[in-house]
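K.L.:
If you scroll down you'll find the structure; I have some questions about it.
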Amino acid sequence: MPYRIDRGPADTSLPARIAGGITLITRSLCAVAAVMAIVLPLPVVYAVTMDQLQEPPTWVFETTGYAIIMIAFAASGYGLNTGHHFRVSLLAERVPSWRRSLQRLSGLVEFCFGMMLIIAGSQQVCNAYTQNITSDTLLAVPQYLPQLAFPIGGVAIALQGIAHILHPHTSRLHDVVRR
């Protein structure tokens, strides 16, 4: 049996349009992460090739690790929107009348977590930048660059939390119904 997203009637209210615009931003961040994920194998193939030629590059392992972290954080808002994350919906299934309120509460928790990531991540980035902290490798990468993943992910999560507060019935994977 095919699956479909049960979107219900189209909602053109102001909160729904704002939530849609916010979700477009988090989808755009996810698109950037997807491009990074598509390009990510290229340096690995280069490293394998150069290793076979007895000239292994020193930069591939470190930079691809940073890229993987950035991909995960940049795509986090979109993952919250689609439901591609760990989710417990037992209470919402048992008491359907609470579903909308629980979705708004979930959005509030998402927003608060995103704000914590923004604040703590920004402090971490500022500290690494002002103290000129670099990696202990041959590349000596300034650590504020890969640490930017934390506030960027926080922005994506906080924005998606706002979208869920404004419009709690935005489509998520758990809304998939079997027909």
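K.L.:
Amide H to amide H under 5 Å from residue 134: which residues, 5+ apart in sequence or cross-chain, H placed 1.01 Å off N in plane?
P.N.:
143
K.L.:
Return the sequence-ordered ³J(HN,Hα) values of segment 64-81 in whole Hz as given by the Karplus equation 6.51 cos²θ - 1.76 cosθ + 1.60 applied to θ = phi - 60°, using x for Gly and Pro.
P.N.:
5, x, 5, 5, 4, 4, 5, 4, 4, 6, 5, 8, 4, x, 5, x, 5, 5
K.L.:
By counting other Cβ atoms within 10 Å of each Cβ, how are 46, 66 ranked from fewest to most?
P.N.:
46, 66
K.L.:
Long-range amide H contacts for residue 167: which residues qualify at under 5 Å (H placed 1.01 Å from N, peptide plane, sequence gap of 5 or more or a different chain)?
P.N.:
Distant-sequence amide H within range of residue 167: zero hits.
K.L.:
If the elastic network links every pair of Cα atoms under 10 Å, which of 19, 156, 128 fluctuates the most in the Gaussian network model of the chain?
P.N.:
Comparing 19, 156, 128 in a Gaussian network model of the chain, the most mobile one is 128.
K.L.:
Please report the orientation-averaged projected area of segment 13-90, defined via the convex hull of its C-alpha atoms, in nm².
P.N.:
On the way: hull surface 27.7 nm².
So the Cα hull casts an average projection of 6.9 nm².
A short reminder: the numbers here are calculations on the coordinates, not readings from a lab. What you see is a predicted model, and the numbers here were worked out from it, not measured in a lab. For neighbour counting, all protein chains shown are included, and Cβ atoms are generated from backbone atoms with ideal geometry for every residue, glycine included.
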